[in-house]
Amino acid sequence: MMPPAPLRVLYIEDNALVREITCDLLADDSREIVAVATGEEALSAFEASRFDIVVTDVSLPAMSGFELVRRVRKMAPTTPVILASGYPIDLEECRLGTRVRTITKPFNAPELEALIEDLCGPAAGAAKPT
Amino acid sequence: MDALSLGDALDAAAYAWVGARCRHAHLHDIRGELQTLQSSLELLARSARNPGDNIALAEKATALARRALASHEKSLVDYVNRMTPHQEAAVPIEVRDMVNRALGILRNDAANKSITFKVESGADLRILAQPYKAELLILGLLAMTIDELSAGSVVKVLIEAEDSQVVMEIQSDVICPAIRAPEDLWSGAIRVPPFELLLGVTSRWAAANGGRVETSVDSRASGVLRIYYPRSWSDR
C-alpha cells in the first residue's frame, strides 16, 4: 500500500532565523514545507504548485499576510490558512472568511501542529520523530 | 531631578504617542526573536532525546539561539533608549539609514494599506543629532502620513543637501496642518491632534539645532513637508 502523500505546507516568514528553524521543526515524513520570505514569492509558489495549507507571518514587507491571504483565497477559496503574529489578531475585523486560524508568537511546534491538524485533518498531524 | 519645561512635556507626549502607535510593530519584532529562542529550545530538547543522531541539530539550534539572543538584546536596548531619548548624546546619523529603519518598523502598516514609499537620497548625508529622538520624530511623521493617506497611495521621501543643510522632504497627498508653537499646543482644555503635536515638536527640535520645518502644497495639490537640519561632515 502506498504511503499517504505528505501534506504540502506553504510557509511565509521574512525573519530568516524564524523561517529556518520553523522548517526544521515542522518538516517530517508527513509534511513537506516550502518556505519563502515574501508574499510575492508565496503567490508565485502557489500559482506553480498545489498546497494543502498556507502558514504565514502577518508582518511582511511590501505585501502583508492579510493581503496575501486575500489573493490566495481568490485563486483557491477554501485553502486553509494560519496567520502568525507577534500581537493578537481580530479575525472578525480582518474578514478573511472561514478556515482561518491565528497563532501568537512565540508559539511552540505542538501548538502550530495542532492548528494544522485542526484545519487539515489528523493525517497531517502525524507523530514527529523524537 | 531637572525642572520639566513645557517643551519637554510636549516632547514626552509626542514620544508616548509614537510608542503607542508603533506598539504592534515593536511587539512583532521582539516576539519574532523570542520565537527563534523558543524554537531553538524545542530543537535542543528534540536532539537531547536522541543525542547520537542529532548532534548537528543541537549545534545548529545553539547557533540560532545565540544569534537570536544577540538580536533580542539589541531590540531591547533600542526599545529602552526610545523611552528615554532626551538622555542620549548627539552623534552623526546617516539620514537615509534612519529613514529606512523607520520604514522597516512601519512595513506592515504600509503593506496593510498598500502604501508605497519611494526613498531617493544623495550619498552619505549626515546630521549631528540624538539618534533615538531623531528616529522617533521621523517614525512618528511617517506613521502619521500612513494613517492620513488612502489605500494605494505613494509617498516620496527625498533626502538631499541644500547649502549647509540636509533636507528631508515627504511628498504625499497629506496636507499638513499648520505648525504651532509649544505654548499654542499646550492647553488643558484642548485635545491636540497628534499630527499637530508631532509637527510642533519636530519644528522645535529642528529650530533648536539650527534647522527649520516647512509645510506647503505643491502645484498638484499634494502636501509637502520639508525638514531642514544642519549637515554634519563628521562620521564619528
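The values are calculated or read from the model by the stated rules, or taken from the named source; none is laboratory data. This one's a predicted model, so the numbers in the text were calculated from it and none came from an experiment. Here the Cβ is made from the backbone with ideal geometry for all residues, glycine too, and neighbour counts use every protein chain on show.
Observations, loosely collected:
- Flag for residue B:185 being among the aliphatic types (A, V, I, L, M), in contact with a helix residue (DSSP H, G or I) (Cβ under 7 Å, 6 or more places away or on another chain) and over 25 Å from residue B:110 (Cβ atoms): yes
- Number of positions in segment A:102-122 that are part of a helix (DSSP H, G or I) and not hydrophobic (A, V, I, L, M, F, W, C): 6
- Check on residue B:74, over 24 Å from the mean Cα position of the chain (by Cα) and not in a loop (DSSP other than H, G, I, E, B): no
- Selection within segment A:47-62 - within 14 Å of another protein chain (Cβ to nearest Cβ) and either in contact with a strand residue (DSSP E or B) (Cβ under 7 Å, 6 or more places away or on another chain) or crowded, with 23+ Cβ neighbours inside 10 Å (or both): A:55, A:56, A:57, A:58, A:59, A:60
- Selection over segment B:20-50 of residues that are more than 9 Å from chain A (Cβ to nearest Cβ) and not polar (S, T, N, Q) gives a count of 6.
- Total residues in segment B:180-203, condition of a type outside the set (Phe, Trp, Tyr) and surrounded by fewer than 19 Cβ atoms within 10 Å (Cβ to Cβ): 14
- Scan of segment A:77-101 for residues that are assigned to a loop (DSSP other than H, G, I, E, B), more than 8 Å from every other protein chain (Cβ to nearest Cβ) and surrounded by 17 or more Cβ atoms within 10 Å (Cβ to Cβ), ordered by number: A:79, A:80, A:89, A:96
- Number of positions in segment A:106-118 that are in contact (Cβ under 8 Å) with a residue 24 or more places away in the chain and either over 12 Å from the mean Cα position of the chain (by Cα) or at the interface with chain B (Cβ under 8 Å from one of its Cβ atoms) (or both): 1
- Candidates A:25, A:68 - the one that is within 13 Å of another protein chain (Cβ to nearest Cβ), assigned to a helix (DSSP H, G or I) and touching a residue at least 60 places away in the same chain (Cβ under 8 Å): A:25
- Filtering segment B:169-198 to residues that are assigned to a helix (DSSP H, G or I) and at pLDDT 80 or above leaves B:194, B:195, B:196, B:197, B:198.
- Once segment B:148-173 is narrowed to residues that are farther than 24 Å from residue B:126 by Cα and without any contact (Cβ under 8 Å) to a residue 40 or more places away in the chain, the residue that is surrounded by the most Cβ atoms within 10 Å (Cβ to Cβ) is B:149.
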